[in-house]
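These notes are about the structure you will find just below.
The values are calculated or read from the model by the stated rules, or taken from the named source; none is laboratory data. As the structure is a prediction and not an experimental result, all values here were calculated from the model. Backbone-built Cβ (ideal geometry, glycine too); neighbour counts: all protein chains shown. Keep in mind that these areas ignore ligands, DNA and RNA; they rest on the heavy atoms of the full protein, side chains included. Shrake-Rupley method; radii C 1.70, N 1.55, O 1.52, S 1.80 Å.
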Amino acid sequence: MAISRINPSTMLKPSGFAHAVRAGNTVYLAGQTALNAEGKIVEGGIIEQFRQAMSNTLTSLVEAGGKPSDLVSVTIYLTDIPDYQANGREIGRLWREMAGTEYPAMAGIGVTSLWQKEALIEIQGIGVVAD
């Protein structure tokens with residue numbers, strides 16, 4: 001089985017990890033926070049951070065040969081679950097706009113902090129892509 005490491009040129013260069021690893025038809029997507037290409041967490045709260053983190057996740061998936069509907073599992077790590085829930089309607093709208101309505105298995109997990117202290121969200125996933 002061929003294994004390839006994927007690091008989109010439009011994203012911040014990773015250090016010590018790959019943005020995605022494709023093993024056969026399975027794509028393992030590294031946890032993505034709301035880092036922009038300049039290495040800064042975007043401002044604007046949970047909605048803007050969701051948009052950036054999801055964009056980073058989907059960019060890696062597409063670079064690996066997939067599309068949003070290829071997501072089979074997503075884990076969302078949150079530093080403030082009530083804030084995410086309070087903005088759920090808008091986050092759901094963004095999800096549908098970015099990834100469609102073929103939803104993967106999902107989990108939302110509350111954490112005390114993420115790698116970047118300003119990060120409110122991190123999204124990790126697995127996709128299965130066509131040959």
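Can you name the residue in segment 53-77 that is touching an Asp or Glu at 6+ places or on another chain (Cβ under 7 Å) and closer than 25 Å to A130 by Cα and is also most open to solvent (accessible area, probe 1.4 Å) among such residues? Reasoning before the result, please.
Kept after step one, since they are touching an Asp or Glu at 6+ places or on another chain (Cβ under 7 Å), are these residues of segment 53-77: 53, 61, 69, 77.
Among the residues that remain, those that are also closer than 25 Å to A130 by Cα are: 53, 61, 69.
Details: A53: 0, L61: 0, S69: 45 Å².
Checked segment 53-77; the qualifying residue most open to solvent (accessible area, probe 1.4 Å) is S69.
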Subset tally (residues that are open to solvent by less than 80 Å² (accessible area, probe 1.4 Å) and in a loop (DSSP other than H, G, I, E, B)) for segment 3-25: 9
Single condition F50 does not satisfy, out of (1) open to solvent by 20 Å² or more (accessible area, probe 1.4 Å); (2) of a type outside the set (S, T, Y); (3) in contact (Cβ under 8 Å) with a residue 60 or more places away in the chain; (4) outside any strand (DSSP E or B): (1)
Flag for I81 being within 16 Å of the chain's Cα centre (by Cα) and of a type in the set (V, I, T): no
Residue that is free of Cβ contacts under 8 Å to residues at least 12 places away in the same chain and touching a helix residue (DSSP H, G or I) at 6+ places or on another chain (Cβ under 9 Å), where the choices are G88, G44: G44
Near pairs, Cβ below 8 angstrom, 6+ apart or cross-chain, from segment 1-21 (of a type in the set (D, E, K, R)) to any residue that is surrounded by 10 or more Cβ atoms within 10 Å (Cβ to Cβ) and part of a loop (DSSP other than H, G, I, E, B): R5/A18; K13/N7
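Answer with yes or no whether T59 is assigned to a helix (DSSP H, G or I) and touching a residue at least 40 places away in the same chain (Cβ under 8 Å).
On the way: assigned to a helix (DSSP H, G or I): yes; touching a residue at least 40 places away in the same chain (Cβ under 8 Å): yes.
Against the criterion (assigned to a helix (DSSP H, G or I) and touching a residue at least 40 places away in the same chain (Cβ under 8 Å)), T59 qualifies.
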Of all residues in segment 78-117 being in a loop (DSSP other than H, G, I, E, B) and among the aliphatic types (A, V, I, L, M), the one that is surrounded by the fewest Cβ atoms within 10 Å (Cβ to Cβ): V111
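For L29, state whether it is outside any helix (DSSP H, G or I), closer than 24 Å to S113 by Cβ and open to solvent by less than 30 Å² (accessible area, probe 1.4 Å). Even if it seems obvious, please write down each step before you answer.
Details: outside any helix (DSSP H, G or I): yes; closer than 24 Å to S113 by Cβ: yes; open to solvent by less than 30 Å² (accessible area, probe 1.4 Å): yes.
Against the criterion (outside any helix (DSSP H, G or I), closer than 24 Å to S113 by Cβ and open to solvent by less than 30 Å² (accessible area, probe 1.4 Å)), L29 qualifies.
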Every residue from segment 36-47 that is of a type in the set (A, V, I, L, M, F, W, C) and either open to solvent by 70 Å² or more (accessible area, probe 1.4 Å) or modelled with pLDDT under 95 (or both): A37
